[in-house]
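Worksheet: one structure, shown below.
All of the numbers you see were taken from the coordinates with simple rules; none came from a lab. Only a predicted model underlies this, so the values are computations on that prediction, with no experimental measurement involved. All Cβ positions, glycine included, derive from the backbone under ideal geometry; neighbour counts span all protein chains shown.
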Amino acid sequence: MVGIVGYGSYVPRYRIKISTIADQWGDNAATIEKGLMLQEKTVPGRDEDTITIAVEAAKNAVKRAGINPQDIGAVYIGSESHPYAVKPSGTVLIDALGIGPHVHVADFEFACKAGSEAMFVAYSHVKSGNMPYAMGIGADTSQGAPGDALEYSASAGGSAYIFGSENVIAEVIDTHSFTSDTADFWRREYQMYPRHGGRFTGEPAYFKHVLNATGIILEKSGMKASDFAHAVFHMPNGRFPLKAGKTFGFTDEQMKQGWIVNLMGNTYSGSSITGFSAIMDILKPGERALLISFGSGAGSDAFVFEATENITAVQNKAPKIREMLESNRTYLTYGQYVAYRRKIQFND
Amino acid sequence: MRDVAIVGVGLTKFGELWNQGIRDMFAEAALAAMADAGVDKIDSMYVGAMSSGLYSYQEHTASVMADYIGQRGVASARVEAACSSGSQAARTGFFEVASGAADVVLVGGVEKMWDVDDGTFVLATASDQEYEAYAGVTFPGLYAMMAQVYMQKYGLTREELAQVPIKNHRHAVHNPYAQYPFELDMKTYLTAAPVADPFRLMDCSPITDGAAAIIMVPLDQAHKYTDKPVKIKGIGSATGPIALHDHKDLTRLDAVRLSAEKAYKMAGVGPDDIQFAEVHDCFSIAEIIVAEELGFFPYGTAGKAIAAGQATYGGKLVINPSGGLKAKGHPVGATGVAQLIEATLQLQGKAGKRQVENAKIGLTQNMGGSGGTSVVHILEAV
Amino acid sequence: MANSQRYTREIPHRFRLEAQRFSDGYISLPNRYISPETGTKEFENITLSGKGTILSYTIVHTPSDQFKLAKPYAVAIIETEEGARLTSMITDSEFEDVKIGAKVELVFRKIMEEGHSGILNYGYKAIVVK
């Protein structure tokens, strides 16, 4: 059996309310909150970036897995906000956790699905017998241009998953990826903020890939919505994932645990997999969960998991994501947010 | 070893000296010291400078200074021990004269601090760069952490702490070389800009440009140069942990105690024999802790004793008659030498309105970092 | 001027809190060749847990340029549960909770950036545990 042996998440303590951003740009806060189904989003502290977020999430994953970090054979971090353009995030992480130096490390980028992509590769390594453990991480300090619709959702956080074949807590039952070249959202080199195709990000991009990936994995695995206790779909806003889930008959009840976007925002590479972390926090032995990511450009990774008896014992070994989201919050003004996010030019 | 005396002193005005670079300031002070001693040729020289490299992008300072004071050909070396560079240079010069290797040695100190924008960074290099400065701690921050513990442990109040800079500013009023020769009142002290809790600006010595120089000769030749030589009776230098966090007791500065013990032993005197002391009041709390480590007051009592007037004219002894680092100014590499100059002037009876009556034996104490180095000199009128 | 070499050699201490326990009990972070307490050269390598207590602290209002965007910030001298002493910036904590005797836990954070194009420096900071 191959599956998850440990998982962990991290979100910064800083928040900005959607209404604060709306007030700044003369948008109607109630309209935005209702339209995007968002209340607030996480903001990285001044000393946090994708690397530090990934490190905290990975430490929590190692705590839950209870393994020697030296036994991890591969570490992949997916992000669209790697702090360096050239120099891996993963090398900092392995040295911070005491993994390696005999370890394969790579940074992934695929818009919002780089995290699930990292999980996909980590899982494949273990399944092939290449190594006993591999870790896939998705973390971001997402960018959104000031005044752009993305600014309401782009947030910070991440999750880490360690795959293995012993003491598995959630077995991988099936996977599928659906990918095509679709220019719905991009960021060119040296640009601070991504650009997007507006409504083109919806039907031809998000829904096309998410619905195909979901439909095919359900068909491959011979399952239907009612076979799952929980499901999570990538959350660029509050509305899209619920609409996607309902297409296949998933109920609000099945989607509510993983739907953390209203409190967290869209953590890009960390979005769907952090929603999945919330599901892992409460998943019971024998229950199944569906994870559907989406990355612009565009593609969708689908995973079917089934919890084992081991899951209950590890859930309390590290902080749970909903507790992190609902406690210890520090709200920022727009001015503080701009300074924290370095949206203004400073002298060297 | 031969006995050694100071026979000439020279000092620049302390302050923000726009028109003078390090070589100008050093030359002004050194040539004044040579003129005071009546010498135009020296055998050897030492230059105390903490960071001429970071402040002025000039290393090889010792050669620059020899060249610019007309002494090409002499032996010259720079001595660095952070803020105690000046007195450490003096200690080195002392041993050269005492050993018989040279008869006329110039010891100078200099720092040009106003030419850089980020002086806080430069000063922090005197701490453990990788394990203190890297954590964001500043020099005021280090002494502030001593003050936090001291104030809690001994119940010292901000108002009592204030009496250190208030006293030193009062002393500086009569010092023509002082950077800030004016009185400081309690309201200004309490409401000054915060620097590092509990310190506000008036707890902290200023950024200063300045230079100081002295001439040392063997005591038995001293009367060739001056009617009033001042004997260097004792010297003590000691090191302590480089990082403040390695001090077992954050209200103590072991290096100061050890350096004082050595100097007292060499001089054959004790703290009760001292009429005045120039000590390293880089921050208000420093004068209090130093006064205790030097044995002037029992541990935990110096703050209240200073507040009660025991460290000014009419008290147990006068501490920092020059105004100290706080009011006279603190051009770091020059400070140790400037302390020796104040002690010399006091023992020669040349200190004007700040003269300590019947001054026979004086002490100087100069600190490097947060207690990583301390140097004590004991001087006597002869 | 990037100091990536200088930074890289401190990684075991700053990233993983690798320290030494000398046979006289003194704990050193970073490594030394000889104990400052007794001069013994015998030691074992240990990894600090990252849990500790504030021995003293200050709030820095006038930092060097490297830290100016973080001001004001707290810095503390911490004694770890193993008995090691270290200095750390405090992050993600309210100033009112930063006190002598407060419990802290070290976390992994970005310490500074070497300008717009130099390396990023990481290491430990402390969070007050309530």
- Query: Cα convex hull of the protein assembly as shown: how many Å³ per residue?
  - Reply: 168 Å³
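Just to be sure I understand: of the beta bridges DSSP finds with both ends in chain B, what percent are antiparallel, rounded to 5? Intermediate results must be reported in sequence, preceding the final value.
On the way: 39 of 55 bridges.
Of all bridge pairs located within chain B, approximately 70 percent are antiparallel.
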- Listed peptides B:233-243, B:135-145, A:247-257 by packing density, highest first (mean Cβ within 10 Å): B:135-145, B:233-243, A:247-257
- What full-extension length gain, to one decimal in nm, is calculated for residue B:72 and residue B:266 as 0.36 nm per residue of separation minus the Cα-Cα distance? 66.4 nm
- Note on the structure: The correct pair for chain B, radius of gyration to one decimal and Dmax as a whole number, both in Å and from Cα atoms, is 18.8, 57
- Where both residues lie in the protein assembly as shown, what percent of DSSP beta bridges are antiparallel, nearest 5? 75 percent
- Sites residue C:37 and residue C:9, calculated FRET efficiency, Cβ-Cβ separation with R0 25 Å, nearest 0.05: 0.50
- Task: Multiply the residue gap between residue A:326 and residue A:219 by 0.36 nm, knock off their C-alpha separation, and tell me the result in nm, one decimal place.
- Result: 34.9 nm
- Message: As a test, work out the antiparallel percent of DSSP beta bridges whose residues both lie in the stretch A:214-348, rounded to the nearest 5.
- Response: 60 percent
- Note on the structure: Rounded to the nearest Å, the spacing of the alpha-carbon centers of the stretch B:136-183 and the stretch A:11-41 is 48 Å
- Of all stretches in chain C that avoid GluC sites (Glu not before Pro) placed in a DSSP loop and having at most 15 other Cβ atoms within 10 Å, the longest is C:43-80
- Other chains' Cβ within 10 Å of C:49-61 residues: what's the mean? 6
- Please give, to one decimal in nm, the separation of the simple spin-label points placed at residue B:350 and residue A:309, each 7 Å out from Cα toward the Cβ. 9.4 nm
- Task: Between residue A:226 and residue B:191, with labels modelled 7 Å along Cα→Cβ, what's the label distance in nm to one decimal, could you check?
- Result: 7.7 nm
- To the nearest 0.05, the calculated FRET efficiency linking residue A:29 and residue A:243 through their beta-carbon distance, R0 being 25 Å, is 0.65
- What residues have an amide H closer than 5 Å to that of residue B:382, excluding those fewer than 5 places away on the same chain, when H is modeled at 1.01 Å from N in the peptide plane? B:231
- Task: Pick out, in residue order, every one of the GluC sites (Glu not before Pro) in the stretch B:265-360 that is DSSP loop and has at most 11 other C-beta atoms within 10 Å; say none if there are none.
- Result: B:357
- Contour minus end-to-end for residue C:44 and residue C:65, with contour as 0.36 nm per residue of separation and end-to-end as the Cα-Cα distance? 3.8 nm
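Sum up the charges of everything whose Cβ sits under 10 Å from the Cβ of residue C:111, counting Lys and Arg as +1 and Asp and Glu as -1, but leave residue C:111 out.
+2
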- Calculated diffusion of the stretch B:149-279, Stokes-Einstein form, Kirkwood radius summed over Cα pairs, 25 °C and 0.890 mPa s, µm²/s: 133 µm²/s
- Relative packing of peptides B:13-23, A:272-282 - highest average C-beta neighbours within 10 Å first: A:272-282, B:13-23
- Item | Gyration tensor (alpha-carbon) shape descriptor, the stretch C:2-128, a/c threshold 1.5 | oblate
- Message: For a quick check: with amide H placed at 1.01 Å from N, whose amide H comes under 5 Å from residue C:104's, ignoring anything fewer than 5 positions away on the same chain?
- Response: C:52, C:53, C:54, C:129
- Note on the structure: Relative contact order in percent for the stretch C:2-128 (Cα pairs under 8 Å, 6+ apart) equals 23 percent
- Pairwise label distance in nanometres, residue A:347 with residue A:19, each label 7 Å out on the Cα-Cβ vector: 3.9 nm
- Take each of the peptides B:86-98, B:343-355, average the number of other beta-carbon atoms within 10 Å over its residues, and list them starting from the highest. B:86-98, B:343-355
- Query: Do you know the relative contact order of chain B, to the nearest whole percent, from alpha carbon pairs under 8 angstrom that are 6+ apart?
  - Reply: 26 percent
- Task: Please work out, to two decimal places, the log10 of the ratio I(q)/I(0) at q = 0.07, 0.08, 0.09, 0.14 Å⁻¹ from a Debye calculation in which every Cα of chain A carries one identical scatterer.
- Result: -0.25, -0.33, -0.42, -1.07
- Message: Taking the Kirkwood radius as the inverse of the mean 1/r across Cα pairs, report the Rg/Rh of the stretch A:48-153.
- Response: 1.01
- Evaluate peptide A:40-52: per residue, the Cβ atoms of other protein chains within 10 Å of its Cβ; return the mean as an integer. 4
- Note on the structure: Rounded to a whole number, the mean other protein chain Cβ count within 10 angstrom for residues of C:63-75 is 6
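If I take R0 = 35 Å and measure r between the Cβ atoms of residue A:199 and residue A:166 in this structure, what FRET efficiency does the formula 1/(1 + (r/R0)^6) give, to the nearest 0.05?
About 0.15, to the nearest 0.05.
Do any chymotrypsin sites (Phe, Trp or Tyr not before Pro) in the stretch A:314-348 lie in a DSSP loop with no more than 14 other beta carbon atoms within 10 Å, and if so, which? Each step should come with its number before you reach the end.
Details: sites: A:331, A:334, A:337, A:340, A:346; in loops: A:346.
When the chymotrypsin sites (Phe, Trp or Tyr not before Pro) of the stretch A:314-348 are filtered for loop state and at most 14 Cβ neighbours within 10 Å, A:346 remain.
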- For the stretch C:20-86, which trypsin sites (Lys or Arg not before Pro) are in a loop by DSSP, counting at most 11 other Cβ atoms within 10 Å? C:41
- Residues of type lysines that residue A:256 reaches as a straight line, Cα spacing below 22 Å, ignoring anything fewer than 8 places off in the same chain: A:17, A:34, A:41, A:113, A:224, A:243, A:246, A:284, A:320
- Output the relative contact order of chain A, whole-number percent, from Cα pairs under 8 angstrom with separation of 6+ residues. 25 percent
- Message: Please list 3J(HN,Hα) in residue order for the stretch B:25-36, calculated via the Karplus relation 6.51 cos²θ - 1.76 cosθ + 1.60 where θ = phi - 60°; whole Hz, with x for glycine and proline.
- Response: 5, 4, 4, 4, 5, 5, 5, 5, 5, 5, 5, 4
- Note on the structure: Interchain or sequence-distant (5+) residues whose placed amide H lies within less than 5 Å of the amide H of residue B:15 are B:209
- Could you let me know the centre-to-centre spacing of the stretch A:252-318 and the stretch B:73-87, using Cα atoms, in angstrom? 65 Å
- Query: Gap in Å between the Cα centre of the stretch C:40-68 and the Cα centre of the stretch B:184-260?
  - Reply: 27 Å
